[in-house]
Amino acid sequence: MKPILSPSILTADFTRLGDTIQIINKSSADWIHLDIMDGVYVPNISFGFPVIESIKKIAAKPLDVHLMIEDADRYINRFRDAGADILTVHYEACVHLQRTLANIRALGMKAGVALNPHTPVMLLKNLLRYTDMVLIMTVNPGFGGQTFVEESWSKIAEMRRMIDESGYDILIQVDGGVDLSNAVKLVETGVNVLVAGNTVFGSPDPAATIEKFVKLF
C-alpha cells in the first residue's frame with residue numbers, strides 16, 4: 001500500500017489555523033495529525049476540544065488524534081464527538097489498555113496505541129487484535145522539532161515482524177524527526193503512516209513540502 005502522510009499541525013502558525021487546515025485539505029496528504037497534550041503526561045500543553053471541533057468543521061481529511069494525556073478513558077467519548085477518526089493513546093499512560101482500545105473501537109473510531117522510545121514493542125504482543133495502528137514515537141513526546149532517535153530503526157523492524165506474524169491488519173505510524181531524508185527508509189523498514197510536522201510547517205512553503213513527501217513514493 002502507498003504510505004499515508006499525516007501532517008502534524010503542532011508547529012504550524014496557530015494565528016492562521018484555518019489556512020493551515022486548508023493547505024492540508026488541498027494537498028495530497030491523507031490525514032491531519034493533532035497532538036493533544038495535557039501538561040501532566042508530557043511537559044507541554046497544546047489544545048483541546050474547542051480547537052478540534054473548529055478544525056473538524058473545515059477538515060476534508062480524517063482527523064488523526066494523538067493523545068499525550070493522563071487518564072484518556074475519561075475523554076474518549078468527547079474526542080469522538082469533537083471529530084476524531086483515529087484515536088491513539090499511550091501504552092505508558094493507560095492502566096487498562098485493552099479496555100481503552102476496545103472502547104475506542106466501540107465508538108466507531110480506529111484505535112491506536114503509542115510507544116515511547118524506551119518502551120519495548122513486545123509489550124503489545126497480547127493486544128494486537130484490539131489495535132488498528134501502532135505509533136512508534138521516534139522522539140520523546142511533548143515538543144516538535146526534535147532529533148530522530150536512532151534506536152528506532154530496529155524497533156520499527158521488530159514491530160513489523162510481530163505484526164506480520166500475527167496476521168492482523170495493523171498500521172505502523174512514526175512520529176518525530178520524520179523528514180525528506182529518512183521517509184523512504186522508514187517505509188522500507190515497515191512504516192505505513194508518516195507524521196511530519198516541523199519539516200512541513202517549518203518550511204517556507206508547506207504545500208510544496210507535502211507534495212515532495214508524496215512524490216517520494
- When you scan the range 14-43, how many residues do you find that are farther than 18 Å from Pro206 by Cα, touching a strand residue (DSSP E or B) at 6+ places or on another chain (Cβ under 7 Å) and assigned to a loop (DSSP other than H, G, I, E, B)? 3
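Of the residues Ala106, Ala114, only one is loosely packed, with under 13 Cβ neighbours inside 10 Å and of a type in the set (A, V, I, L, M, F, W, C); which?
Sole residue among the options that is loosely packed, with under 13 Cβ neighbours inside 10 Å and of a type in the set (A, V, I, L, M, F, W, C): Ala106.
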- Message: Quick test for you: out of Val149, Val191, pick the one residue that is among the β-branched types (Val, Ile, Thr) and within 15 Å of the chain's Cα centre (by Cα).
- Response: Val191
- Item | Set Lys57, Lys26: member being without any contact (Cβ under 8 Å) to a residue 60 or more places away in the chain, among the basic types (Lys, Arg) and out of contact with any Leu (no Cβ under 8 Å at 6 or more places or on another chain) | Lys57
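Among the residues of the range 66-92 satisfying the criterion of being among the small types (Gly, Ala, Ser) and within 16 Å of the chain's Cα centre (by Cα), which is surrounded by the most Cβ atoms within 10 Å (Cβ to Cβ)?
It comes out as Ala84.
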- Tally time: how many residues in the range 163-178 are more than 15 Å from the chain's Cα centre (by Cα) and either charged (D, E, K, R) or surrounded by fewer than 19 Cβ atoms within 10 Å (Cβ to Cβ) (or both)? 6
- Task: Could you tell me whether the range 57-65 includes any residue that is closer than 19 Å to Asp132 by Cβ, in contact with a Cys (Cβ under 9 Å, 6 or more places away or on another chain) and surrounded by fewer than 21 Cβ atoms within 10 Å (Cβ to Cβ)?
- Result: no
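Every number here is computed from the coordinates shown, using simple stated rules; none is lab data. This structure is a prediction, so every number in the text was calculated from the model and none was measured. When we count neighbours, we look across all protein chains shown, and the Cβ atoms used for this are built from the backbone with ideal geometry, even at glycine.
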